[in-house]
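Engineer: The structure that follows is given in the form of structure tokens.
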Amino acid sequence: MGSQLHAQLNEYYRVDYEHNVHPSQGESLPLGSAIEEYIQSNLNTTKEELSRLPILSPPEWDDSHPLTHYFVSSSHNTYLLSRQLVGRASAESYTHALSRGARCVEIDVWPSSSSEGLVVTHGYTLTKGVSFRKVCEAIGEGVDALGPDAWPVLVSLECHVGPKGQQNMVNILKSAWGEKLVVGRLQNDDSHDQEDDNVIVSPRYSKGKIILMVEYYPPNNFAQIEAEEEVEEQIDEIDPILEHFSTESIIEGEDLPQVLIGEVERGKISDELAALGYYARSWKPSMGWLQQELVDPRHILINISETNILSLLPTQLDPLIQHARLHLRRIFPKGTRIRSSNMDVLKFWRNGSHVVSLNWQTVDTSMQINEAMFVDSPGWVLKPNAQRMLDQESGKFKLSAEIVGLSSLILPKGRQDKTCNVYVEAELYHNLQDQKWKSKTVATTEDGDVMWNENLVWEFDRDELAFIRLRVRENRRLEKDLDLALFCARVDHLQQGWRLAYLLNMDGRATGATLLVNFELTQ
């Protein structure tokens with residue numbers, strides 16, 4: 001059953017962004033007659049040669065920088081097969097997420113009276129849980145499948161188990177992950193000989209490893225202060241959700257505060273479990289955390305909600321970027337995202353946050369950008385120069401695009417072999433105001449071919465986190481326009497000149513359609 005479910009997940013949730021980095025080198029793609037004629041008449045190439053050229057070329061991946069110099073592709077509530085409140089949990093979700101490029105996954109572990117013991121589930125919901133042991137074994141198998149040269153996998157552990165049950169957790173973690181689990185200081189680190197233990201660990205020396213995030217509670221009563229604030233936030237977020245449910249499987253709203261407070265009272269981490277979080281001491285901070293000097297212990301990871309980070313913007317943007325040069329930061333979604341929607345991933349990358357946890361079950365704009373960021377990468381991508389205290393190339397840039405036409409557009413179900421009125425909408429996401437452009441509307445042929453022959457030109461300030469998205473949309477006039485296919489890429493990865501862009505459907509899977517475009521980026 002496990003392998004069957006894994007195959008189903010790969011089919012249902014797979015994405016095909018790599019097609020634009022590694023196009024087929026076999027037979028050329030079938031192109032519309034008008035596109036073929038355009039290539040033959042106007043371009044100094046053949047359709048066979050053109051179809052083999054990648055439109056994207058990510059850089060070489062440098063593994064020598066500190067962990068805090070990278071963004072990490074991150075999955076939220078990895079165990080869920082579907083939506084937040086009523087979905088089913090599965091260990092296979094972890095092997096699938098890792099194979100798809102996630103390098104940070106999340107485990108919410110709870111005590112249970114069932115025969116399986118500890119379970120991984122979404123607390124206070126109708127979600128059906130899965131054995132904690134099976135989840136750990138699946139993660140271990142997934143990391144093994146990646147190979148010894150794979151960049152490290154971060155595991156965010158949300159522990160809802162009291163200290164007495166944590167020894168069992170430790171035993172399971174060590175048994176399932178063995179030498180892959182980082183326990184204490186790595187022995188072949190760049191700064192291993194430094195007496196002050198100010199270790200700057202890089203991906204180079206942690207390949208094939210699992211770095212566990214374990215909750216950290218500072219001394220001097222900080223733990224109680226931060227926990228009480230977290231309770232208040234959870235209550236505010238969960239109360240409106242509970243209004244939609246009346247079941248014994250979910251704790252009633254009036255009892256919820258007491259349950260959460262009870263959780264706070266037992267929210268201590270045993271020394272044995274804390275030791276496993278050496279490089280990622282996960283702290284859900286109290287107010288004023290941005291001004292605190294976090295020097296003891298080392299390797300504090302700020303684990304904070306999107307709501308709390310957004311409350312600091314835009315006034316604290318520079319301090320957030322500076323803080324992230326020293327400490328890893330993980331952003332988790334607010335609790336009211338019950339339909340597994342995603343936060344604006346670019347907004348959090350722009351403030352330096354390393355790990356922005358997204359619901360991979362939903363391929364919305366943020367997931368499209370996330371896939372474009374990490375395509376063909378080891379799941380870790382270097383931050384912009386300015387976020388690493390390096391000089392950043394400045395000046396105005398001009399992005400020009402000739403959008404000629406597309407071949408083999410797949411129409412919605414039930415409408416094959418018919419025509420459709422479509423246009424291209426282009427969007428540039430950059431550090432100032434986002435820009436949009438829209439082509440004229442043209443009817444497709446019965447084979448799904450369209451010709452536009454239109455140009456767009458955008459000028460913008462140099463931005464290493466600029467992304468472009470092209471969507472082919474149906475003009476439905478009396479209804480909301482329908483997205484049919486897309487291309488999404490980081491501007492820095494675009495190859496200039498004439499290319500065929502492989503178009504994906506709105507779930508991120510290849511459609512067989514291609515768009516003939518010519519990109520030019522000049523300063």
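The values are calculated or read from the model by the stated rules, or taken from the named source; none is laboratory data. Please read these numbers as outputs of a predicted model, since none were measured by experiment. All Cβ positions, even for glycine, are placed from backbone atoms using ideal geometry, and neighbour counts span all protein chains on display. Just so you know, the surface numbers come from the protein's heavy atoms only, side chains and all, with ligands and any DNA or RNA stripped out. Shrake-Rupley method; radii C 1.70, N 1.55, O 1.52, S 1.80 Å.
Engineer: Could you tell me whether region 444-492 comes out rounded, prolate or oblate from its Cα gyration tensor? Rule is a ≥ b ≥ c as square roots of the eigenvalues, rounded for a/c under 1.5, then prolate if a/b exceeds b/c, otherwise oblate. Present the calculation step by step, with values, prior to reporting the outcome.
Structural biologist: Numbers: a/c = 2.36, a/b = 1.96, b/c = 1.21.
Cα axes put region 444-492 in the prolate bin.
Engineer: Could you report region 438-523's accessible area per residue, 1.4 Å probe, as an integer in Å²? Mind dumping the intermediate values first?
Structural biologist: Working: 3520 Å² over 86 residues.
With the other protein chains kept in place, region 438-523 gives 41 Å² per residue.
Engineer: Another one. Lys398: which lysines have alpha carbons under 16 Å from its alpha carbon, excluding same-chain residues fewer than 8 sequence positions away?
Structural biologist: Here the lysines satisfying the reach criterion relative to Lys398 are Lys436.
Engineer: Something else about it: How large, in percent, is the carbon and sulfur part of the accessible surface of region 379-459 at a probe radius of 1.4 Å? Can you show the working numbers first?
Structural biologist: Values: 1880 of 4140 Å².
Heavy-atom surface of region 379-459 belonging to carbon and sulfur, 1.4 Å probe: 46 percent.
Engineer: Here's something else I'd like to know. What percentage of the solvent-accessible surface of region 310-349, computed with a 1.4 Å probe over protein heavy atoms, is contributed by carbon and sulfur atoms? Each step should come with its number before you reach the end.
Structural biologist: Details: 990 of 1840 Å².
Carbon and sulfur together cover 54 percent of it.
Engineer: Is the C-alpha gyration tensor of region 295-402 telling us rounded, prolate or oblate? Criteria: a/c under 1.5 is rounded; beyond that, a/b larger than b/c is prolate, otherwise oblate. Provide the component values of the computation, followed by the final result.
Structural biologist: Working: a/c = 1.59, a/b = 1.04, b/c = 1.53.
In terms of gyration-tensor shape, oblate.
Engineer: With every protein chain left in place, what is the accessible area of Lys436 in Å² (1.4 Å probe, nearest 10)?
Structural biologist: The accessible area of Lys436 comes to roughly 140 Å².
Engineer: Something else about it: Quick check on my link table: of Lys134/Lys413; Lys284/Lys480; Lys268/Lys334, which ones sit more than 32 Å apart, alpha carbon to alpha carbon? All intermediate terms of the calculation are to be shown ahead of the outcome.
Structural biologist: Values: Lys134/Lys413 39 Å; Lys284/Lys480 41 Å; Lys268/Lys334 23 Å.
The answer is Lys134/Lys413; Lys284/Lys480.
Engineer: Cut-off under 22 Å on the C-alpha distance; same-chain residues fewer than 8 positions from Lys383 excluded. Which lysines are left, in chain and number order?
Structural biologist: Within reach: Lys207, Lys209, Lys347, Lys396.
Engineer: How much of Phe467 can a 1.4 Å solvent probe reach, expressed as accessible area in Å² and rounded to 10?
Structural biologist: The accessible area comes out at roughly 0 Å².
Engineer: Sticking with this structure for a sec: Keeping all protein chains in place, calculate the accessible area per residue for region 25-65 (probe 1.4 angstrom), answer in Å². Walk me through the numbers on the way to the answer.
Structural biologist: Working: 2500 Å² over 41 residues.
Ligands and nucleic acids excluded, the figure is 61 Å² per residue.
Engineer: Looking at the square roots a ≥ b ≥ c of the eigenvalues of the Cα gyration tensor of region 349-404, which shape do they give, rounded for a/c under 1.5, prolate if a/b is larger than b/c, or oblate? Spell out each step's value before the answer.
Structural biologist: Values: a/c = 2.19, a/b = 1.11, b/c = 1.97.
Judged from the Cα gyration tensor, region 349-404 comes out oblate (a/c at least 1.5, b/c at or above a/b).
Engineer: Could you tell me which GluC sites (Glu not before Pro) in region 348-402 are loop residues by DSSP with no more than 15 other beta carbons within 10 angstrom of their beta carbon? Mind showing how you got there, number by number?
Structural biologist: Working: sites: Glu371, Glu393, Glu402; in loops: Glu393.
Counting only loop positions with at most 15 other Cβ atoms within 10 Å, the GluC sites (Glu not before Pro) in region 348-402 are Glu393.
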